[in-house]
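Here's the structure we're looking at; comments come further down.
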Amino acid sequence: MARATLTISSKNYSSWSLRGWLLCKMAGLDFEEQPVATDDPEVRQELLLLSPSVRVPRLSHDGVEVWDTLAIAEYLNEVAPKAGLFPKDRAARAHCRAVSGEMHSGFYNLRSALPMNIKAQHERFKIFSGARPDVQRIKDIWTDCLATYGGPFLFGEPTVADAMYAPVCTRFRTYAVELEPPLQAYCETIFAWEPMVAWAEGAQAEPDEMIELEVEF
């Protein structure tokens, strides 16, 4: 597979960059990271407005340029069909696409109330009422997937869905969201996942901070 470039922003704050990066790792893609400064206007839009529609992360590979995490996932599934980004079973594959799409297009209140910040960890944190239905819906999705497919990942083995929900695991840890034991075990699986460990190490080493993202929404 040809060497690629993945444009990303902050490892500590950027949930969308994390998703794209995990997908590339899962696909076995040989790629270089191309960081973009956090004062870049588009990057600040991604981080502060929490928008999935800007062009970060952006994958350049074999003459193709693709952005948007789900578009990256579908592209990588085409170029690396044996990587198992989606489940083999047709019904499970449809389920995986549905919950991944729900994460991609929804949960705005949760993103606003609980911005990703891997370095931070609160002992307690009051979640405003608008975000609570989002938290419960994610718990319901995880509970259903883990019960249906047996864990330890949402569909048994790592899939696109885990890349989409990995940033939520970090948010729940940062803001001390209480989880039932099976859901906490899922988060621990994500934290121990080799590519996630590598990303978290990069986040911890990141020197820059964005004051705006320390604000409680």
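Overview of results
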| item | result |
| --- | --- |
| Residues of type lysines that Lys82 reaches as a straight line, Cα spacing below 22 Å, ignoring anything fewer than 8 places off in the same chain | Lys25 |
| Cβ charges +1 (Lys, Arg) and -1 (Asp, Glu), total dipole of the chain, debye | 580 |
| Ranked His61, His122, criterion: other C-beta atoms within 10 Å, fewest first | His122, His61 |
| Proximal lysines to Lys139, defined as alpha-carbon separation beneath 19 angstrom and excluding residues fewer than eight positions away on the same chain | Lys126 |
| Cα centroid separation, region 172-207 to region 94-117 (Å) | 16 |
| For the chain, convex hull volume per residue from C-alpha positions, Å³ | 111 |
| Those Cys residues of the chain for which no other cysteine Cβ falls under 4.7 Å | Cys24, Cys96, Cys145 |
| Cα-based reach from Lys119 at 16 Å (exclusive), listing lysines while leaving out same-chain residues under 8 positions away | Lys11 |
| Length-normalised contact order for the chain - Cα pairs under 8 Å, 6+ apart - percent | 24 |
| Contour minus Cα-Cα distance for Lys88 and Phe125 (0.36 nm per residue) | 9.4 nm |
| Bridge type composition, the chain - antiparallel percent by DSSP, nearest 5 | 65 |
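Laboratory data are not the source of any read-out in this text; all were calculated from the coordinates shown. The shown structure was predicted, so the numbers you read here are calculated from the model rather than taken from an experiment. Note that each Cβ is placed from the backbone with ideal geometry, even for glycine, and that neighbours are counted across all protein chains shown.
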